[in-house]
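Any read-out appearing in this document is the output of simple, stated calculations on the displayed coordinates, not a laboratory observation. This is a predicted model, so every value here is computed, not measured. Glycine also receives a Cβ, built like all others from the backbone with ideal geometry; neighbour counts cover every protein chain displayed.
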């Protein structure tokens, strides 16, 4: 099997991008990645696009083809594939592209993630954001992704003594990181008091603990690792990955304080990367809500089960802490266009490993881990990156 | 690179399946394929699902995860991937699964294609079916997939002298084949007169030349070719495939009587399979409309450019003719659930190669070709199968 490396990255600002359509978001991110890799679109063998719900958001399916066309790939009839696993669509595009190179079929591949959320009302965007949970058994009875998250939070508080202040600190830290990321949706900082006093979305979670509705795109250029240095002095190797799927409905799971899919996915990723949790220098987690970040750092074996709240409280997850997490600002502050998220996480890790994360640079970041989640934990995809 | 073989097939009846939801359609097809391969869901490494628009049709994204769950794969946290390229989603799932096995990451993989169209009104289903064409430049001004097809038909009639009778014969032949397929949506036969006198959908095309709105699912079990005989005496090798993407808007193309993406995809597939057009014993084409089948047999190099109408007129494309096409009944009679189509085409070819296509069996079918199209030809995926 051929190993795979990342040789180019690109991303748009995240936020309410009224001035751009989905195809324009795709173009901006894709062309930036091609430029970063120093290659033209004519050299590309294939495009893989992660997108959650363009069908409902802009009445357009077939967005793989659409973005390939507008990026200039259709001139050469270059094949395009769209993949979807709700909010994990971005990471899914990455590992699907990985398969295509590892198999020997393609060499130079672009991976893009994009979502245009703000062409519909906020109410409709929220409804669509919830289409990653089980519609027949959860959506129908009024559950939202945030409501399910709130149930998980209550249980984590009961089982492990996690406090509201600890959860609020996740958002405080992510906003602090976002304030240092020029492409973040939110650049304001917030205090614990701000978070706790903000309007509730689903008790106990307040709006400042929930990731926003954002537009945005991100892109990567991949190639076989053995030729990566032809294109760049600082390629980043995809050392390992893992993908697992749990029941789509939260209530059918063994334990709602652990995402079993994450545990399975990260074990596979560590095994494939021949690495252990303490080797990870920086991680991007999937903080749809504050409690997600706490549960996930535990599931990823970065901290002990039940200790996530305390680790956050001790400030260890800041970019200059012992286990830096979501240096991009995370979903909360960097922003949350579902299909773009998994790709944007990897863009941030590449920046960290290259030493290009001005103002939020983790010292000596050589190895990074990203966790991209679909639904309430039904899909988990972990990717481990390494400096070459 | 590891070669890949098909060791199990399954499909539901196509039609208006009021009694089944999408997840039930997925279960039926998937379990049938597992049973055919003689394995349990616990041995599976991954699932790949092709689906066009569950987000709009049943308000559910994340259907990869949903179907994995209901097929029983979530017990073992088996990863699931949904891919989409409009009506070519099924074949896209097949080649994505191919990558995953060829790369050495997975061994036993299930590929499923499914669509539930009849939970919305016919008008809404038609609108959704059109979301594979360019919404900003085609959909917005009222174009439908059939209207674009009608433009292609007019041009083909002008440039190559193709007649209305020749086009109607495509539907007559496909209904004749459908009448011999117990799982077909339509089992009635029709005459040329019936077709020409039927209500027009978009001049010159009548309703009897346009594929219907159907529900249905189909599934395959894949494994590395070198271990395929452990599971079955009659594995079928995926000898080659090709995937290409053209502009999403028809008007931006070089020639509307040729789908350049098909020409590119089939050249790759022939090259990979080390085969030539005359080696093909049976083909499943993507007859969204009658003219599509004529244009495609030309683009696939199965007949000379411009001669498609004449070939049909001479009866050569019947199951007992010289170049049998759409022995399943094709999209027109077998039915047209978009996400299932590409997988169902391959199921039919496997039946032919195994010699199990009762009543419509092509004598000595050793090598088959399937063409799955997305939009008005923006995505083309060709697969070539061979007896082992």
Along principal axes, largest first, the alpha-carbon spread of the protein assembly as shown in whole Å comes out as 80, 47, 46
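Going by a ≥ b ≥ c, the root eigenvalues of the Cα gyration tensor, does the range B:53-118 fall in the rounded group (a/c under 1.5), the prolate group (a/b larger than b/c) or the oblate group?
Values: a/c = 2.67, a/b = 1.33, b/c = 2.00.
Here the range B:53-118 falls in the oblate category.
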Short to long, in 5 Å steps from zero, the percent of alpha-carbon pairs of the range B:1-160 per bin is 2, 9, 16, 19, 17, 12, 10, 8, 5, 2, 1, 0
Per residue of A:100-108, other chain Cβ atoms within 10 Å number on average 5
Inter-copy distances for residue A:322, label 7 Å out on the Cα-Cβ vector, sorted ascending, nm, one decimal, are 7.9
With one decimal in nm and the nearest listed first, the spacings from residue B:252 to its own position in the other copies, using label points 7 Å along Cα-to-Cβ, are 4.0
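Just the Kirkwood number for the range B:126-271, please: inverse of mean 1/r across all distinct Cα pairs, in Å, one decimal.
Numbers: mean 1/r = 0.0543 Å⁻¹.
Evaluated on the range B:126-271, it is 18.4 Å.
Rounded, prolate or oblate for the range A:171-231? Axes are the square roots of the Cα gyration tensor eigenvalues, ordered a ≥ b ≥ c, and the cut-off for rounded is a/c under 1.5. Numbers along the way, then the final one.
Details: a/c = 3.49, a/b = 2.70, b/c = 1.29.
It is prolate, given that a/c is not under 1.5 and a/b is the larger ratio.
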Row for the range A:227-334, column shape: gyration tensor on C-alpha, a ≥ b ≥ c, rounded if a/c < 1.5 i.e. under 1.5, prolate if a/b over b/c, else oblate; value oblate
For the range B:137-207, Rg(Cα) over 2.2 N^0.38 Å is 1.26
per DSSP, antiparallel bridges as share of beta bridges in the protein assembly as shown, % nearest 5, sits at 75 percent
Here FRET efficiency (C-beta to C-beta, residue A:313 to residue A:137, R₀ 25 Å, nearest 0.05) is 0.10
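Looking at chain A from every direction and averaging, what is the projected area of its Cα convex hull in nm²? List each step's numbers first, then the result.
Numbers: hull surface 66.4 nm².
So the Cα hull casts an average projection of 16.6 nm².
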Across all Cα atoms of the range B:306-388, Rg and the largest Cα-Cα distance (Dmax), in Å, are 13.0, 35
Residue-normalised 222 nm signal for chain B, counting each DSSP H run of n ≥ 4 as -39,500 (n - 2.57), nearest 500 deg cm²/dmol, is -10500 deg cm²/dmol
If R0 = 25 Å, then residue B:192 and residue B:255, at their Cβ-Cβ distance, give a FRET efficiency to the nearest 0.05 of 0.30
In whole µm²/s, the translational diffusion coefficient that Stokes-Einstein assigns to the range B:279-324, given a Kirkwood hydrodynamic radius over C-alpha pairs, 37 °C and 0.692 mPa s, equals 314 µm²/s
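Could the peptides B:344-356, A:187-199 be put in order, highest first, of the mean number of other beta-carbon atoms found within 10 Å of their residues? If you can, show how the numbers build up before the last one.
Working: B:344-356: 24.6, A:187-199: 14.8.
Result, highest mean first: B:344-356, A:187-199.
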Label points for residue A:305 built 7 Å along Cα→Cβ; distances to same position in the other copies, nm, shortest first, come to 6.6
Listing A:341, B:126 by rising number of other beta-carbon atoms within 10 angstrom, fewest first, gives B:126, A:341
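Once the convex hull of the C-alpha atoms of the range B:95-178 is built, how many Å³ does it hold per residue, rounded to a whole number? Mind showing how you got there, number by number?
Details: hull volume 18.4 nm³, N = 84.
That works out to 219 Å³ per residue.
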Note: B:54-60 gets an average of partner chain Cβ contacts (10 Å, Cβ to Cβ) equal to 6
To the nearest 10 degrees, the tilt of helix B:145-160 (Cα long axis) against the first principal axis of the alpha carbons of chain B is 60 degrees
Expected sort for B:40-46, A:138-144 on mean C-beta neighbours within 10 Å, highest first, is B:40-46, A:138-144
Computed from the beta carbon distance with a Förster radius of 25 Å, FRET efficiency for residue A:75 and residue A:1 to the nearest 0.05 stands at 0.20
In a Gaussian network model of chain B with springs linking alpha carbons closer than 10 Å, the residue among B:201, B:282, B:312 that fluctuates most is B:201
So, with points 7 Å from each Cα along the Cβ direction, the residue B:122-residue B:233 label distance in nm works out to 4.7 nm
Expressed in angstrom, Rg and Dmax over the Cα atoms of the range A:1-94 are 13.3, 43
From the Cα centre of the range B:91-109 to that of the range A:341-370, the distance in Å is 30 Å
Each residue of A:85-95 has, on average, a number of other protein chain C-beta atoms within 10 Å of its C-beta equal to 4
